[in-house]
Every structure is written in C-alpha cells, then in structure tokens.
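Here's the structure, in structure tokens; my notes come after.
The values are calculated or read from the model by the stated rules, or taken from the named source; none is laboratory data. The structure displayed is predicted, hence computed values, not measured ones. Note that each Cβ is placed from the backbone with ideal geometry, even for glycine, and that neighbours are counted across all protein chains shown. Remember, those area values only see protein heavy atoms, side chains included, never the ligands or the DNA or RNA. Shrake-Rupley method; radii C 1.70, N 1.55, O 1.52, S 1.80 Å.
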Amino acid sequence: MSLSIIEFSQSILKLNKEKKYAEALKIFKENKGQFSEEQIAGNVYLIAGMITALRHTNNFDNAFKFLNHYKLTIDYNTKEIVLNAYGWLLFSKFKAENLLTDNHHLETEIFDEEETVEDTGDFHFNKSEIIQLIESFIPLSLGFDNEFAYSVLSNLFNSVLKAEKKKPNANWQFVSDFCDKIAPELLKTECRSIDVVRKGESKPMELASDKENWFAYKSKALMKLGKFQECYDVSKLALETFEKFHYSNDIWFARRIALSKKNLGNSEDAIKELQQILRKKKEWFIQKELAELYKEQGKNDKAFDLAIDAINNFGDLEFKIDLLYLLGELLKAKGDNDMAFKHYALSLLIRQSEEWNIPEKLIDAINQFQNEKIPLDKLPALKSELKKYWNSFKFQPEKSAAPTQKLSGKIDKILHNDEKGTDGFIKYNGNKSIYFRVNADDALNSKMSIGLDVDFKIVPATADKKEKAIQVREKK
C-alpha cells in the first residue's frame, strides 16, 4: 500500500504517541524506499518523529547518523519541532554517558560547602563531543519562548552542571563558563516540588528554581577559582534577587560574600558577617574560617576556642584536616608543643591513609619538632587520644542550670529534620514556646512531627546560653 509523505510522517508520530517506538522504526525502514531523501529531509514532522523514536530506543548514535545521512544541520534555521527533539536527544545521550538517573539533576541537598581556594590555576579541559553539541544547542534553544522548549533547556542546564559538580575533581572553570552560556534573567524563578522519602516517610520538598541554581553554581565556581570580586558581586546580587531560598542558599551566599571580603583584604567586615552566619548556621567550617580570621588578627585565644568548637562539631574528621593544622598552629603559639605536634601528625596520617596530597607547609610544620614520627598504624590510637582532649573543652552545665520539673507540650515547629537529628520549638503552657533538639540516634527522632504530644524539662538560661528543652520524650 502506497503512502503519501504526510501519511508516512503521521504514522510515525502516532506510534510515538502510543510509545511504540520500536514499531515506528520498523515502519520507517519498511516504507522509506517509497520517498526520495529530499522528501524525507524536507518533512520536519517525520525527522522529529524519527529522532524521538531512536532516542527512546537508546539508539543515540544512530540518531546522529540519521541526521548526517539526510544532510540535516542544526542551526538557527532549524524548525522548532526538530530542534526540541534534538535537544532531548542531547539530554538522553548525556545522561547515558554520565550514568545519571532520571532525577539526577534535582539539587535536593545542601551544597557541600567546605570551600577552598587553593586550586586557582588554569584548567586544561578536553570537552567531550556531547558537551560541545550542548553548548552549540543552547543559543539556538533560547530563540523559542514556550514551555516545551524551555523544559529541554532546563534539563540540559541542570544535568550538565550537577554532573560536573559531582566529579571528584570538578572543573570549576567549565562550570563558570557553562553558566555564562545562559543569562540568568532568561531562567525561570518558578519552583516545583517532589516527594522525598526520609526515615520511611514520604514528604513533599520544594526545589530551587533554575535561576536560583544558576546563582548557586556561578558563585561557588567563582569562589573556587579565586575570583573574589566577581564572587562578591554575584552573591550580593543573589541575596537581592530572591525573597525565598532553598538548601540554605541564603546562608551560603552570605558566606561567600564574607570570604570574598576576607580575600579582598576586608577582614573586619568578614568577621562580622561570619558571626551573623554562625547565629543561623552553626557549621564547623564556618567556625574554622572565623578562627582563621581571629588568628590573623593575633586573637589566638578566641581563635582557639572557635577551632575547638569546630573540631567538636558535627562532621567527619577526615574532612577536617586543615582544621587540625590550624589547631596545631594555635597550640604552638600557646607553647603546647606536644599537642601541636600531635595535631600536625594527625592531619598528616589522615592524608596518608586517604592517599591525599600532603602540603609543603604541613611537612615543614612537623619537621620543626624533634619528636619521633608517629607511624600510620598508630592512627586510631592518636584519633582516640585527641578526641578525649577535644572533649575536655566541651561545655559543662553550671550547677545553677539544673533542669526544671517535667513539663508537657506539643511540637509546634520543626526547623530541620536531617542526618543530624531534629530541632524546632515546643509550645506549652498556653502560648509559651521553647527550642528543642533531638539527636539522630534518639528513638523519638523517627516519630517527630508537628502536633506530637511530648514531655520535657527545661535547662534555664545562663550567661551565654538561652534556655532550651531537654529530655524530650513522647507523652504516654
């Protein structure tokens, strides 16, 4: 039975709509001989339909061969229907090359924020063929102002940047350059939600918009590259642009502003801003950065107290190797050479154990001492010894701060519910409200929800601590 070119294209599109992609390919193979290559190449619906069918059957390379065979180039003259199909082909090909899952591009966690600025040299980066094709595609897709075309662009933008960020040695120059391919004002501010499962319970989570993600990636890349004035400008603009932030991005933008000021020579402002951030987000690496600034000013006692707080704070010790070096420096300044040496040694042994680079400054610091070198097999014992030392500085409640009698209330607000545990506020005695925190290993943590009836006690306020609820238990 003879088909017209229009009927031929319609049959391919109909099968695609029914998700019968393999059958669409079979129909094309059986009937293509009835038409000239010019007729096939000139029918945009047929071309788009074939790219789609080849993509959904994972025939990515054959899809590119198909375009080449029919002498089809992707440029500013390409019709929108073909361009969109081609964009989704690039997305699927990129996913396959990077072994990404369907939701890989969703930035559902806080950025890993322990930023260093040591690697600020030039990057030599050989872009893959698919990256080059994506970069060429982006300016073409920006010419179409509709939801379907934008969806292709959004998926490509987020997947490429997320995949690069997840690499052990992310190329931050590439991240910065890729962000520059799309002006942030062209990205949407709408947020969507997904369901995430935590502790066996499904909860809705709102995702950051593409525009917020652009500022997060761009500012982080600039910080990593040591481009502090640009990082300051982008981070400041981000804080001025959004009313609502996700993944604590408002904290991270403020932090990058502070670190940029520090590296631009304005330590006083950096200290003030890091102090403000610590009131909202008590992370160990922020404590470390503030300790470094105090050390630069010669305020070693303040620096030491903050560094101890940081080492006792939540976070894997393996990521605190620079903090260990800082503690070594501060202990040496205090005249405690034995403890200084042990902190330097622990930093060194962790690096050796993980087969990480050993900075020259660490080697020089250890060589200052006449102490016998500590072998790698003594790493667990040294960790144990120093943990006891750090714990000795932990806050001990004053006798006057004895808890009150048992009270009852309801969970009124949850601030955080993550791998560290749950914190928020309990409502009791009418309209009174008090802060609480439950650790991740507490049995109550998995039951935590708004409205839960609980019993608790209150530790009264001291000179430097606000009152808080302790011994929180589900009301029986």
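Observations on the model:
- Once the Kirkwood radius over Cα pairs is known for region 174-244, the Stokes-Einstein relation at 10 °C and 1.306 mPa s delivers a diffusion coefficient of 117 µm²/s.
- Within the accessible surface of region 231-309, defined with a 1.4 Å probe on protein heavy atoms only, the carbon and sulfur portion equals 43 percent.
- Along its three principal directions, the equivalent ellipsoid of region 291-380 from the Cα gyration tensor extends over semi-axes of 21, 16, 11 Å, largest first.
- Straight-distance candidates among the lysines for linking to Lys29, with alpha-carbon spacing under 19 Å and chain neighbours fewer than 8 residues away dropped: Lys14, Lys17, Lys19, Lys20, Lys65, Lys71.
- Remark: the Glu240-Glu7 segment gains 78.5 nm on full extension, using 0.36 nm per residue and subtracting the alpha carbon distance.
- If you take all other residues with their beta carbon under 13 Å from the beta carbon of Lys383, and give Lys and Arg +1 and Asp and Glu -1, the sum is +1.
- Those aspartates and glutamates that a straight Cα-Cα span of less than 14 Å connects to Lys320, excepting residues fewer than 8 apart in one chain: Asp112, Glu113, Glu114, Glu115, Glu283, Glu289, Glu292, Asp309, Glu354
- Gain upon complete extension [Asn357, Asn337; 0.36 nm per residue less C-alpha separation]: 4.7 nm
- For region 333-383, the orientation-averaged shadow of the C-alpha convex hull comes to 3.6 nm² (one quarter of the hull surface).
- Working note: Debye formula, equal point scatterers on the alpha-carbon atoms of the chain, no solvent; log10 I(q)/I(0) at q = 0.07, 0.09 Å⁻¹ is -0.54, -0.81.
- Aspartates and glutamates with Cα under 15 Å of Lys93, excluding same-chain neighbours fewer than 8 positions away: Asp61, Asp102, Glu129, Glu135
- Listed pairs Lys244/Lys476; Lys302/Lys387; Lys224/Lys468; Lys165/Lys281; Lys224/Lys394; Lys211/Lys261 exceeding 27 Å between Cα atoms: Lys244/Lys476; Lys224/Lys468; Lys224/Lys394
- Glu30 accessible area, assembled protein chains, probe 1.4 Å, Å²: 120
- Inter-label distance, nm, simple model (7 Å from Cα along the C-beta direction), Lys387/Asn445: 1.6
- Per residue accessible area in Å² of region 334-458, where ligands, DNA and RNA are left out and the probe is 1.4 Å: 60
- The residues of region 40-105 present an accessible area of 49 Å² per residue when probed at 1.4 Å with all protein chains retained.
- Computed [θ] at 222 nm, deg cm²/dmol, the chain (DSSP H ≥ 4; -39,500 (n - 2.57); rounded to nearest 500): -16500 deg cm²/dmol
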